[in-house]
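To start, the structure itself, in structure tokens.
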Amino acid sequence: MFRKITSLSCGRCHGLFALRYDELKGAAAMECAACAEYFAGLVVDGSALTLEASVLASAPFMTFAEARARERERELQFMAGDICGSGWTKRPGHTMCALHTSPVPVEALVEYWEGLPEEHSSTLFRLREEDFVAELDAHLKYQLRICRDCRGNVFREWRALRPRPGGAAEEGGAALDVCEGHRLTVVDGLVCLEGSGSAAFFERAEEVEDCKGADGEGSEGVRHADTPELAREALVDCAALIYKGQVEVAFREQTAGHNALLLFVHLALGMMEERLRNAFSDLRARQAEAELLELVESEAKKAGRKKDKKKSRRSDGRALPEAPRQARMQAPM
Ligand SMILES: [Zn+2]
Ligand SMILES: [Zn+2]
Ligand SMILES: [Zn+2]
């Protein structure tokens with residue numbers, strides 16, 4: 001069972017599934033409502049996976065049918081292929097399925113974002129300073145392809161955002177407008193994107209992505225940010241990419257985790273259903289066998305009685321004495 005799911009899943013998906021399986025093993029309530037629903041009455045009993053007694057007693061085949069319906073939905077959703085359970089295959093140098101790499105449409109991100117509980121979404125718009133700086137550096141180099149000298153300009157603008165330690169009271173840092181209703185601030189060592197995470201924000205980030213793809217042609221793809229305005233713009237662009245990326249990763253992990261979970265539940269329930277059906281047909285087969293045996297026996301008895309009657313009729317003429325005749329009648333009993 002587990003070997004099968006391991007062979008079907010890319011490393012990332014398998015890790016995401018393992019996290020969820022740990023949740024099932026633990027007594028703690030499952031955090032995600034969808035995960036809890038997908039697990040559909042499964043429980044871990046010691047080292048065995050089984051169905052809750054109440055499900056087994058009431059309607060196990062309904063649970064199986066529901067899981068099959070979900071599997072059909074899953075297949076339809078991921079028809080595009082190269083996804084765990086839908087076309088992805090293990091091969092050297094191919095460690096991740098498309099769920100972790102393919103672009104996520106803005107509409108899907110917005111929908112996901114709006115469904116997130118506040119405490120979760122706020123953590124996605126917050127990064128530790130050192131993490132933000134590392135991301136900023138990587139984005140300037142590899143995404144916006146800003147030249148080395150100009151990257152220094154961008155970092156100067158970044159430092160201007162940070163609160164300056166000024167004697168007793170820390171001077172509050174500045175804020176940088178990222179787009180409509182969204183500002184970048186640094187508070188207590190955390191770099192935050194303040195704002196609701198509206199469609200406008202995700203669209204702004206997508207524009208940056210489209211731009212960097214479009215003007216990579218001239219001057220070997222290297223860009224400059226040689227004025228403070230351009231440097232600030234590059235910083236804003238990076239921030240948009242970084243925070244959109246955070247949401248994108250969370251979205252992908254959830255999608256992939258659910259896909260892996262559905263796949264597992266489908267396999268597990270399919271196996272249980274087969275066993276249960278086999279057990280039922282075994283039972284039916286044994287019942288049928290017993291009935292057949294009974295039938296054969298009763299036929300044999302009837303045949304025996306007829307034979308006896310014939311014999312007794314034949315022997316009637318000879319007028320056998322009473323006693324032995326009775327004894328003969330009882331013999332087949
Ligand atoms: Zn979930
Ligand atoms: Zn995968
Ligand atoms: Zn430059």
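No lab work stands behind these numbers, since they all come straight from the coordinates. These figures come from a predicted structure and were not determined experimentally. Reconstructed Cβ throughout: ideal geometry from the backbone, glycine too, with neighbour counts over all protein chains shown.
Some values worked out for this structure:
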quantity: Pick from segment 6-21, criterion of a type in the set (Ser, Thr, Tyr) and in contact with a helix residue (DSSP H, G or I) (Cβ under 9 Å, 6 or more places away or on another chain), ranking: nearest to ligand 1 (Cβ to nearest atom); calculated: Tyr21
quantity: From the options Cys97, Cys84, residue that is touching a residue at least 40 places away in the same chain (Cβ under 8 Å), within 16 Å of ligand 1 (Cβ to nearest atom) and closer than 26 Å to Asp22 by Cβ; calculated: Cys84
quantity: Single residue of Ala40, Ala33 found to be touching a Ser or Thr at 6+ places or on another chain (Cβ under 6 Å) and more than 16 Å from ligand 3 (Cβ to nearest atom); calculated: Ala40
quantity: Residue identified as outside any loop (DSSP other than H, G, I, E, B) and within 23 Å of Thr6 (Cα to Cα) among Glu107, Glu71; calculated: Glu71
quantity: Enumeration of residues in segment 82-104 that are in contact with a Lys or Arg (Cβ under 9 Å, 6 or more places away or on another chain) and assigned to a helix (DSSP H, G or I); calculated: Leu99, His100
quantity: Qualifying residue in segment 257-271 (condition: in a helix (DSSP H, G or I) and closer than 30 Å to Cys192 by Cα); calculated: yes
quantity: Of all residues in segment 52-110 being of a type in the set (S, T, N, Q) and more than 19 Å from the chain's Cα centre (by Cα), the one that is surrounded by the fewest Cβ atoms within 10 Å (Cβ to Cβ); calculated: Ser54
